[in-house]
1. Look through E40, E66 and report the one residue that is surrounded by fewer than 20 Cβ atoms within 10 Å (Cβ to Cβ), out of contact with any Pro (no Cβ under 6 Å at 6 or more places or on another chain) and not basic (K, R).
2. I need the full set of residues from region 290-323 which are among the aliphatic types (A, V, I, L, M) and under 30 Å from C74 (Cα atoms), in order please.
3. Report yes if some residue within region 184-202 is open to solvent by less than 50 Å² (accessible area, probe 1.4 Å), assigned to a loop (DSSP other than H, G, I, E, B) and farther than 24 Å from V17 by Cα; otherwise report no.
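The values are calculated or read from the model by the stated rules, or taken from the named source; none is laboratory data. Just so you know, these numbers come straight off a predicted model, no measurement behind them. A quick note on method: Cβ atoms are made from the backbone with ideal geometry, for glycine too, and the neighbour counts reach across all protein chains shown. These accessible areas exclude ligands, DNA and RNA; they are computed on the full protein's heavy atoms, side chains included. Shrake-Rupley method; radii C 1.70, N 1.55, O 1.52, S 1.80 Å.
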Amino acid sequence: MQSATPEKATHSIVFPVFNEEETLPRLFSILKENIYPGVEKQGDRLEVILVNDGSRDSSQEILEKEILSCPFQCRVIRFSRNFGHQVAITAGMDVASGDTVTVMDADLQDPPRVVFDLIQKWREGFDVVYAVRSKRMQESFFKKITATLYYRILRAATEIDIPLDTGDFRLMSRRAINALNSLRERHRLIRGMAKWIGFKEGYVYYVREARFAGETKYTLMKMMKLAWDGLTGFSLLPLRLATFFGLFTSFGSLLVAAWVFYLKFFTHHTVTGWASLMVVTLFLGGVQLFTVGVLGEYVGRIFEQIKQRPLYVVESETTNSKGT
């Protein structure tokens, strides 16, 4: 059983930031006017960590300016380049010192006010509290249908029961964060890793709002990469499919060989024509290349992991003196 939650707690919120110059002023306004007073009213402390994932706009200048007027402890971590959304989340969790750590995006589609509902669930004894999207506002049909398919295919294909319609917006207790931070794999899917560590889970439902400004940074290609990372990181399904294709084509080749043998020795027909030969050759070659490619993907991940390079490189850190 989880130990009793402290009467006075520190709540850390981690924001990965990538080219969010239009939304950052509004985000800080909400943090100062709504989130911080609400946390203080409960007798708790607030810590905010913003990870600049190689932004190319004026996000860094805005971050350094805004934290000076924050009445709570605030820390800005600047990467030397863009290392990716999941790695930015990891960097924030690495330095977060709170009794709880909440991860959410800086684009304001995930309403910061939901943090209070997550904290309440944590006080009820849950170590991992998922923010589940009950509705998506002003998103295209293509975005909605691909997101729906993504979560369901990922859940069906992987060996862990990843919750449906949940992104990276969640709260984790200190012991859950410590467990998650011990996982240093390079190809990261935080939502899968948070499920893998176990611990007691709770759920909070909310309506995902439209972006305050700007456009989504998760392109179709990035979503496909994230899906592939989840599939290969938590499932052997691609390798098993490669094995299935190999067995299928081998069985098919035996049938074709038996047919050719029958025509050759028991009938007066001969196998003529290069078209059928080319079709079979190309099919078998394609299957072989596919299986070699799947094997190469897993071998490549092993290669990257054993080099033991750091997940990210920090160019600079800026911290205000509030709450220290």
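1. Result of the check over E40, E66: E40.
2. Across region 290-323, the qualifying residues are L311, V313, V314.
3. yes
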